[in-house]
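Here's the structure, in structure tokens; my notes come after.
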Amino acid sequence: MRGDMKRSGVQYHIPEGINGLELLTCSDANYHFSPHFHDSYCIWLNTSSAETYTYKGNSGILQTGDIGIIAPGEVHSNRTFESESRQLLTFYLNADLLQKVASEIEGATDSTMEFRTDFHSDKEAYTKLAMLWQTLIRSRSSLEQKSALYGVIALLINRYASVTQRHISIGREQKRTAKVIEQFHDRLDEDIKLDELAELVNCTPYYLIRFFKKAIGLTPHAYLLHLRLEKAKDLLRQGESIVDVAFATGFSDQSHLTRHFKVKFGIPPGAYRGQIQAN
């Protein structure tokens, strides 16, 4: 992410009593979201202008009235399209919350629903998401908030969700990529060596970087950095100190975490924690 960020330009909010949902609004038209990913579904729209996005080497424009759905772990980037105004609204929806609502709608728990990354021209969904945003921010009624949330998720499930395919055979490089990512999750706070990873998946370090970036869209180091920042964000939501979070997520110190956190999320970790605690 690049650009001069005013502190008021990025705001995070967690609706009280709703587990698995976080909201982001960005009103800074100069702020660019460079290639990144999230550990939850990212559902977003821009109510003031169009938004340019890139995904898997392709670019497009999300017009006012369109919505984007990004699956967890999918690398993407976005910025405003030739505009000095912006009101980007993003819902970070945990996969467990999606599954909970899906199981209640379907009346079954033996299948897994998922959204695939895609961009949709859907005026109704756009309007209801914008209304949901206002309800989640302004309403003090838990009944109203959850009713609106479940209604919108149900609409999106009916239109855009699919059942996860099971027992699909995957190629050798996909298995290698998955094994590297598993190592990252298991050893988030460690100084993992490239040679060690290459030996683990039986290839050269150069080839590991090559196939990993082709599969994910980021180098192994960049992917690990994003994983650490997502975990840091989670720990800050739980009230952990910035120093403890830095060491728990593999950063050398608080300033190291702060520098990278501000680049990805638009505000320093202390400001983020302050916004969440003020909810």
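The values are calculated or read from the model by the stated rules, or taken from the named source; none is laboratory data. Remember, predicted model here, so these are calculated numbers, not experimental data. Methodologically, a virtual Cβ is constructed for each residue, glycine included, from the backbone with ideal geometry; neighbour enumeration extends over all protein chains shown.
Structure data summary
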{"read-out": "All positions within the stretch 21-38 that are crowded, with 17+ Cβ neighbours inside 10 Å and closer than 27 Å to Leu97 by Cα", "value": "Leu21, Glu22, Leu23, Leu24, Thr25, Cys26, Phe33, His36, Phe37, His38"}
{"read-out": "Leu88, sole failed condition from (1) touching a residue at least 40 places away in the same chain (Cβ under 8 Å); (2) surrounded by fewer than 16 Cβ atoms within 10 Å (Cβ to Cβ); (3) among the hydrophobic types (A, V, I, L, M, F, W, C)", "value": "(2)"}
{"read-out": "Subset of the stretch 235-279 [polar (S, T, N, Q) and either assigned to a helix (DSSP H, G or I) or in contact (Cβ under 8 Å) with a residue 24 or more places away in the chain (or both)]", "value": "Thr249, Gln254, Ser255, Thr258, Gln275, Gln277, Asn279"}
{"read-out": "Restricting the stretch 201-213 to residues that are under 18 Å from Gly171 (Cβ atoms) and loosely packed, with under 15 Cβ neighbours inside 10 Å, the residue that is nearest to the chain's Cα centre (by Cα)", "value": "Arg210"}
{"read-out": "Every residue from the stretch 56-75 that is in a strand (DSSP E or B), under 30 Å from Glu182 (Cβ atoms) and modelled with pLDDT under 95", "value": "Asn58"}
{"read-out": "Among the residues listed as Gly151, Gly171, the single one being within 20 Å of Gln99 (Cβ to Cβ) and without any contact (Cβ under 8 Å) to a residue 24 or more places away in the chain", "value": "Gly151"}
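Yes/no per residue for (1) surrounded by 13 or more Cβ atoms within 10 Å (Cβ to Cβ); (2) in contact with a Ser or Thr (Cβ under 7 Å, 6 or more places away or on another chain); (3) assigned by TED's automatic domain parsing to the domain that holds Ala154; (4) basic (Lys, Arg):
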site: Phe81; (1), (2), (3), (4): yes, yes, yes, no
site: Tyr92; (1), (2), (3), (4): yes, yes, yes, no
site: Ile105; (1), (2), (3), (4): yes, no, yes, no
site: Glu114; (1), (2), (3), (4): yes, yes, yes, no
site: Asp118; (1), (2), (3), (4): no, no, yes, no
site: Lys123; (1), (2), (3), (4): no, no, yes, yes
site: Ala130; (1), (2), (3), (4): yes, yes, yes, no
site: Trp133; (1), (2), (3), (4): yes, no, yes, no
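Residue-by-condition table, conditions (1) of a type in the set (Asp, Glu); (2) modelled with pLDDT of 90 or more; (3) exposed (fewer than 11 other Cβ atoms within 10 Å of the Cβ):
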{"residue": "Ala148", "(1), (2), (3)": "no, yes, no"}
{"residue": "Val152", "(1), (2), (3)": "no, yes, no"}
{"residue": "Arg159", "(1), (2), (3)": "no, yes, no"}
{"residue": "His167", "(1), (2), (3)": "no, no, yes"}
{"residue": "Arg172", "(1), (2), (3)": "no, no, no"}
{"residue": "Arg176", "(1), (2), (3)": "no, yes, no"}
{"residue": "Phe184", "(1), (2), (3)": "no, yes, no"}
{"residue": "Leu188", "(1), (2), (3)": "no, yes, no"}
{"residue": "Leu197", "(1), (2), (3)": "no, yes, no"}
